[in-house]
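J.: This is the structure I want to talk about, given as structure tokens.
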Amino acid sequence: MKKWIINYNLEIMTAILAIVFCVSIFFLDGLTLAGKALLGFMVLYALHEWEESKFPGGFYDLFFGGFGIEIKVSEARMHLPVAIYILIMLLVPFALQNITFLILIPLGLGIFEGVIHVAGIKIHKLKKPYTPGMITGIIMFVYSIFVIIQINNAGGLLVWQWILGFVLALIGFVIMEQFFLKTVGLTFIDFRKMAMDRVWGNRN
């Protein structure tokens, strides 16, 4: 069972999000602004993971190959921490949708995804202006800005809520990436050093 969950974690994640989305559609009028926004994020994050992994896929080859790291584990195993993180990041704020600032967790990552996928073209010195996941990443960026506008139109959030929301997004991402990198035997600090060397041209 454990091996099956690992091998099909992308499909399981997608199925869970699809079920929550479809059921929630029938109760759309009862959802808060954050709840409705999270339904959009459920669709976009599911599509984003499929674009990175399957259609066209190749994100992990690019991610590690660009730093000269040999991948010795399956793509499914590497994606497991990501799938768990996405489910927690979306379902917990959805269950607590009355706490509006929790929407900033997936929203913050959505902005980051749009930026980093475009920046990845230069970071990895790609000939084609595309990184796996870039199209949905850009859409998530635009959608995140749209949600911010809607939040402000609805009365906005307090300064401490904006700060706490984005801090939680950062903390959650760092924790997830720790587990993600661990699958290939790297620490977060080691990878960050390699990434900075790459960005500043210290590595070929």
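J.: Tell me the angle of helix 188-199 to the major Cα principal axis of the chain, expressed in degrees between 0 and 90 and rounded to the nearest ten.
T.: Helix 188-199 sits at roughly 70 degrees to that axis.
J.: Which value at 222 nm does the chain reach when only helices count, each DSSP H run of 4 or more adding -39,500 (n - 2.57), with the total divided by all residues and rounded to the nearest 500 deg cm²/dmol?
T.: -24000 deg cm²/dmol
J.: Leaving out same-chain residues fewer than 8 places away, which lysines sit with a Cα under 19 Å from that of residue 3?
T.: Answer for residue 3, where 19 Å is the Cα cut-off: 72, 182, listed by chain and number.
J.: Can you tell me the orientation of helix 9-25 relative to the chain, as the angle in degrees between its alpha-carbon axis and the longest Cα principal axis, to the nearest 10?
T.: Taking the Cα atoms of the chain, the angle to 9-25 is about 20 degrees.
J.: Right, something else. Relative to the longest principal Cα axis of the chain, at what angle does helix 75-95 sit, 0 to 90 degrees, rounded to 10?
T.: Long axis of 75-95 versus the principal axis of the chain: about 20 degrees.
J.: Continuing with this model, one more query. Extending each Cα 7 Å along its Cβ direction at residue 28 and residue 122, get the distance between those two points in nm, one decimal.
T.: The two pseudo-label positions are separated by 4.0 nm.
J.: For Cα pairs less than 8 Å apart in space and 6+ apart in sequence, what is the mean separation divided by the residue count of the chain, i.e. the relative contact order in percent?
T.: 25 percent
J.: Pop out the ³J(HN,Hα) list for the range 110-116 in order, Karplus 6.51 cos²θ - 1.76 cosθ + 1.60 with θ = phi - 60°, rounded to Hz; leave Gly and Pro as x.
T.: Listing the rounded values in order: x, 5, 4, 4, x, 6, 5 Hz.
J.: Select from 125, 54, 72 the residue whose mean-square fluctuation is largest in a Gaussian network model of the chain (Cα-Cα springs shorter than 10 Å).
T.: Largest GNM mean-square fluctuation: 72.
J.: Moving on to the next point. Between residue 154 and residue 192, what FRET efficiency follows from the Cβ-Cβ distance if R0 is 45 Å, with the result rounded to 0.05? Can you show the working numbers first?
T.: Numbers: r = 37 Å, r/R0 = 0.82.
Once the sixth-power term is evaluated, E becomes 0.75.
J.: If the reach is capped at under 19 angstrom between alpha carbons, list the lysines near residue 128, excluding any in the same chain fewer than eight residues apart.
T.: Excluding near neighbours in sequence, the set is 54.
J.: Under a 1.4 angstrom probe, counting protein chains only, how are 59, 21 ranked by accessible area, largest first?
T.: Result of the area sort, largest leading: 21, 59.
J.: While we're looking at this one, here's another question. Over the range 1-113, what is the mean sequence separation of C-alpha contacts under 8 Å (at least six apart), divided by residue count, expressed as relative contact order in percent?
T.: On the way: 71 pairs, mean separation 42.6, N = 113.
Value for the range 1-113: 38 percent.
The values are calculated or read from the model by the stated rules, or taken from the named source; none is laboratory data. Treat the numbers as computed from the prediction; the structure is a model and nothing was measured. Please note: Cβ atoms are built from the backbone with ideal geometry, for glycine as well, and neighbour counts cover all protein chains shown. Ligands, DNA and RNA are stripped out before the accessible areas are found, and what is left, the full protein with its side chains, is counted by its heavy atoms. Shrake-Rupley method; radii C 1.70, N 1.55, O 1.52, S 1.80 Å.
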